[in-house]
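Contents: one structure, followed by commentary.
The values are calculated or read from the model by the stated rules, or taken from the named source; none is laboratory data. What you see is a predicted model; the values in this text were computed from it and never measured. When we count neighbours, we look across all protein chains shown, and the Cβ atoms used for this are built from the backbone with ideal geometry, even at glycine.
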Amino acid sequence: MGNNRNLVLVGKINLDIYAGSGDVTSLDDTKDFASGGMGVSLGGASANVARAINTLSRVYDDAGSTKIITRIGESSEHAGYKDFGEHLLSQHVSDMTFRLLQHEGVNYADVAAGKAGPGIAKSIVSNFKGGRHIYKQQPLAEQFNASNDGLVTSVKPIVEAETAGASYVFVDPARPHLSNIAANVCEEKGIPSIVDHGLKAWPKDAGKAALLENILKKADILIVPGDAFVPGMEEGKKDSDKLFELLQGKEYKARTIIMSDGIDPVRLSHNGKVSEIPVTPAENPINVSGAGDTRDGALMFFLSRGEEMETAVAKATEMATIRIQYYGNEWEDHIFKHVMDNPLFDDDLAELATSHSKPKQSLLPDAANDPDGGYDELGQA
């Protein structure tokens, strides 16, 4: 199946400093070996979704364009630093992040390039069997004021240019000001937008609440977990039936609603037709964090290949099940064995078998032949 894919993601990019072990079942005051690895990786929904898209691009040997529109800019040199070690880490975060983006084949556009911005957020992620603990960086003061017409006016043309010709645009509500502009641009230009909304409580800040409401109501495809909250529901109470009903209402533009709830069947409403898609239980779930992002990336990938919505959702759900059984990108090498006996992928097996039989490229740069470690200087897309 051919593909002229041009997928764009709008949201923030984090750098995760991680360590983990599948032998540890909880975090205690002790020491353990990081059998699951230790290093740095891209974080944030947009980066995770992009990584899933590009993983499947390699597995299917079906290349396309993947780009993140983000807001990084230049943070103050000493903003919030408590000691030299913290400052030193911050100096290297940008370089590591851009190298990871290059390694993943993800282009990016920074709407705050050369201007003041939040920089790249950092997180410390401790993975253990069945869960994780995250230390997040304290957020810097918001410098992107949606009420400032000058800033909005300067950003919108960039978003219009970077989304031109996109097959789909993933809009991450975690960057509400930037994502609100993207939601408006997608509606104006007729570009299908996908929004994954997972908040269990509505923002107390009236400005952020208004932005989120606009983003959700302008989405073409809405993805939610069963415990998400939208106006019209009782606060503090999970009500997946009410959530599913409200999102199908006239207040929302989306004609496709996808709701997941653990291992319960995925509920899909597409063009007025409601169906359920079974979830295959994972035999050995060791890395459940980010499963939704993997599903979202796989959905964009399969839709861009021309799959019907129900088939795309089913395949994307299977990919999420596969991914949570491995650390990092290890799942890429095991996809073929997981789907080879699944009738859902019968039409894909020839492609997958050809790609699977090719020699695997090393994940590491050729440092022996490149004094810079195999990386060229990375510029923006």
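The lone criterion from (1) at pLDDT below 90; (2) over 18 Å from Thr97 (Cα atoms) left unmet by Glu77 is number (2). Regarding the stretch 280-297, can at least one residue be identified that is among the aliphatic types (A, V, I, L, M) and at pLDDT 95 or above? No, because not a single residue in the stretch 280-297 is among the aliphatic types (A, V, I, L, M) and at pLDDT 95 or above.
Of note, Lys315 satisfies the criterion of being among the basic types (Lys, Arg), assigned to a helix (DSSP H, G or I) and buried (at least 22 other Cβ atoms within 10 Å of the Cβ). Of all residues in the stretch 290-312, those satisfying the criterion of being in a loop (DSSP other than H, G, I, E, B) and surrounded by 17 or more Cβ atoms within 10 Å (Cβ to Cβ) are Gly290, Arg305, Glu307.
Out of the strands (runs of 3 or more DSSP E) lying entirely within the stretch 1-112, which hold 2 or more residues that are over 14 Å from the mean Cα position of the chain (by Cα), buried (at least 18 other Cβ atoms within 10 Å of the Cβ) and among the hydroxyl-bearing types (Ser, Thr, Tyr)? Working first, answer last.
On the way: elements: 6-10, 14-21, 38-43, 65-70, 107-110.
Filter on the stretch 1-112 gives 14-21.
Met259 fulfils the conditions (1) outside any loop (DSSP other than H, G, I, E, B); (2) over 19 Å from the mean Cα position of the chain (by Cα); (3) closer than 26 Å to Ser46 by Cα except for a single criterion, (2). Residue check: Lys242 meets all listed conditions (1) more than 28 Å from Val8 (Cβ to Cβ); (2) modelled with pLDDT of 95 or more; (3) in a loop (DSSP other than H, G, I, E, B) but one, namely (3).
Does Ser269 satisfy being under 20 Å from the mean Cα position of the chain (by Cα) and either exposed (fewer than 14 other Cβ atoms within 10 Å of the Cβ) or at pLDDT 95 or above (or both)? Steps first, answer last, please.
On the way: under 20 Å from the mean Cα position of the chain (by Cα): no; either exposed (fewer than 14 other Cβ atoms within 10 Å of the Cβ) or at pLDDT 95 or above (or both): yes.
Against the criterion (under 20 Å from the mean Cα position of the chain (by Cα) and either exposed (fewer than 14 other Cβ atoms within 10 Å of the Cβ) or at pLDDT 95 or above (or both)), Ser269 does not qualify.
Applying the condition of being part of a loop (DSSP other than H, G, I, E, B) and of a type in the set (D, E, K, R) to the stretch 196-228 and asking which residue is farthest from Phe244 (Cα to Cα) yields Asp205.
Within the stretch 318-335, being assigned to a helix (DSSP H, G or I), surrounded by fewer than 19 Cβ atoms within 10 Å (Cβ to Cβ) and of a type outside the set (Asp, Glu) holds for one residue alone: His334. Taking every residue in the stretch 245-259 that is without any contact (Cβ under 8 Å) to a residue 60 or more places away in the chain and of a type in the set (Phe, Trp, Tyr) and pairing it with any residue that is surrounded by 14 or more Cβ atoms within 10 Å (Cβ to Cβ) and not in a helix (DSSP H, G or I), at least 6 positions away or on another chain, the pairs with Cβ-Cβ distances below 9 Å are Tyr252/Lys218; Tyr252/Ala219; Tyr252/Leu222; Tyr252/Val230. Residues of the stretch 226-239 that are surrounded by 14 or more Cβ atoms within 10 Å (Cβ to Cβ) and out of contact with any strand residue (DSSP E or B) (no Cβ under 6 Å at 6 or more places or on another chain): Asp227, Ala228, Phe229, Val230, Met233, Lys238, Asp239.
Cβ separations smaller than 6 Å between residues 6+ apart or across chains give the following pairs from the stretch 316-340 residues that are within 16 Å of Val288 (Cβ to Cβ) to residues that are surrounded by fewer than 18 Cβ atoms within 10 Å (Cβ to Cβ) and of a type in the set (Ser, Thr, Tyr): Thr321/Thr280.
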